[in-house]
Amino acid sequence: MSARRLAISQPDNFQLSASAKKKIAAWVKKYPKDRQRSALIPALWIAQKDAGGWIPEAALRELGDMLDMPYIRVYEVVTFYTMFNLEPVGEHHIQLCGTTPCWLRGSDALIEVLERRIGPRGSVSSDGKLSWVEVECLGACANAPMAQISNNKGDDYYEDLTAETFEQLLDDLSAGKSVNHGPQNSRHTSEPEGGNNTLTGEGPYLEDKLVYLPNTAKKTKMSVHGGAPKAKRKAATTTKAAQKPKVQKKAPAKKAAKPKVIYKGGPTDGTPDDLKLIKGIGPKFEKDLNSKGIYYFRQIAAWKVADVKMVEELIDSIPGRIKRDEWVKQAKSLAKKA
Ligand code: FES
């Protein structure tokens with residue numbers, strides 16, 4: 001790794017804005033009292049956004065004071081990570097990936113474009129619109145070659161680039177036109193060009209199902225289908241159905257026993273519990289759970305492993321989160337107090 005140094009020319013009186021300080025204070029609160037230095041990385045990120053895309057030395061000293069850290073510790077961190085810019089950058093700062101997968105897919109041609117239009121690595125264009133650096137893998141190798149471009153709208157990936165599409169992208173950014181991030185060819189996300197070509201047939205999880213949620217009365221639609229887009233799935237199912245020889249209809253199967261219903265419909269059993277008292281449930285999850293008919297600690301306390309899995313899919317939670325945060329255990333203890 002090359003040595004990274006602070007800019008020789010520094011602003012005379014830089015100070016972090018009040019809103020940046022407020023955001024940093026919120027991060028500091030997430031750590032124990034004598035561990036406020038753990039907030040350094042997010043604090044540096046906030047300072048960089050606040051200063052217009054790079055971090056002046058005055059900001060580093062201010063952060064050292066705020067987090068009660070020796071300045072040298074702050075310098076060590078900021079000079080290590082290439083995501084922190086130590087010199088002023090352009091309005092659109094380009095981080096071009098030059099690691100092997102991107103290199104094999106043509107990043108050299110993109111570097112040639114940048115060198116011609118902006119200058120050597122670390123340069124800012126004469127009009128101040130563009131700047132660029134070369135970085136290591138940004139984790140989007142399936143869409144190589146790619147670049148991350150940061151500006152006042154965000155930090156977005158631009159993927160599946162060619163020299164031609166990259167030139168056009170830079171033209172549009174410089175002209176202030178709106179551009180689409182993501183793949184710059186016909187691909188959708190990381191799917192194959194031309195569309196999805198796997199998991200297109202019939203399968204156990206192709207249709208939306210109506211299921212009973214644990215401890216609720218209403219059936220809820222759960223989307224458990226595979227990768228094929230809905231229209232494609234429908235077409236595939238219809239075609240296969242048309243080809244299928246007609247078979248004798250079986251006698252209707254015995255109705256499966258319904259899960260035990262404890263609460264019918266909405267919160268008819270008094271005031272709903274404040275589910276946010278369960279660590280890991282915020283306002284959004286509470287709203288999602290309520291919308292599925294779950295209002296009480298005792299409902300959550302009764303969940304079994306399969307129920308937890310089903311609820312995780314329904315409220316779009318990260319798999320394993322409910323178990324990790326011990327919602328059921330917490331709900332049991334809260335239900336006793338309620
Ligand atoms: S190698 Fe370029 S994103 Fe991974």
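FYI, it's all coordinate maths here, none of it is from the lab. Small disclaimer: the values here were computed from a predicted structure and weren't measured. No Cβ is skipped: glycine too gets one built from the backbone with ideal geometry, and neighbour counts run over all protein chains shown.
Residue check: Lys33 meets all listed conditions (1) over 25 Å from the mean Cα position of the chain (by Cα); (2) under 27 Å from Cys137 (Cα atoms) but one, namely (2).
Residue pairs whose Cβ atoms lie under 7 Å apart, separated by 6 or more positions or on different chains, with the first residue in the stretch 171-189 and touching a residue at least 24 places away in the same chain (Cβ under 8 Å) and the second surrounded by 12 or more Cβ atoms within 10 Å (Cβ to Cβ) and assigned to a loop (DSSP other than H, G, I, E, B), are Leu173/Val179; Ser174/Lys129; Pro183/Asp160; Gln184/Asp160; Gln184/Leu161; Asn185/Asp160; Arg187/Asp160. Scanning the stretch 51-107 for residues that are of a type in the set (Val, Ile, Thr), within 16 Å of the ligand (Cβ to nearest atom) and not in a loop (DSSP other than H, G, I, E, B) turns up Ile94, Thr100. For the stretch 66-73, check the following and say yes or no: at least one residue is within 30 Å of Ala175 (Cβ to Cβ), of a type in the set (Phe, Trp, Tyr), out of contact with any Leu (no Cβ under 6 Å at 6 or more places or on another chain) and surrounded by fewer than 19 Cβ atoms within 10 Å (Cβ to Cβ). No, the conditions are met nowhere in the stretch 66-73. Quick check: anything in the stretch 116-128 crowded, with 19+ Cβ neighbours inside 10 Å and either at positive phi or not in a loop (DSSP other than H, G, I, E, B) (or both)? Scanning the stretch 116-128 turns up no residue that is crowded, with 19+ Cβ neighbours inside 10 Å and either at positive phi or not in a loop (DSSP other than H, G, I, E, B) (or both).
Consider the stretch 149-161 and keep the residues that are more than 13 Å from Arg187 (Cβ to Cβ) and surrounded by 21 or more Cβ atoms within 10 Å (Cβ to Cβ). The one that is farthest from the ligand (Cβ to nearest atom) is Ser150.
Scanning the stretch 108-138 for residues that are among the hydrophobic types (A, V, I, L, M, F, W, C) and more than 13 Å from the ligand (Cβ to nearest atom) turns up Ala109, Val113, Leu114, Ile118, Val124, Leu130, Trp132, Val133.
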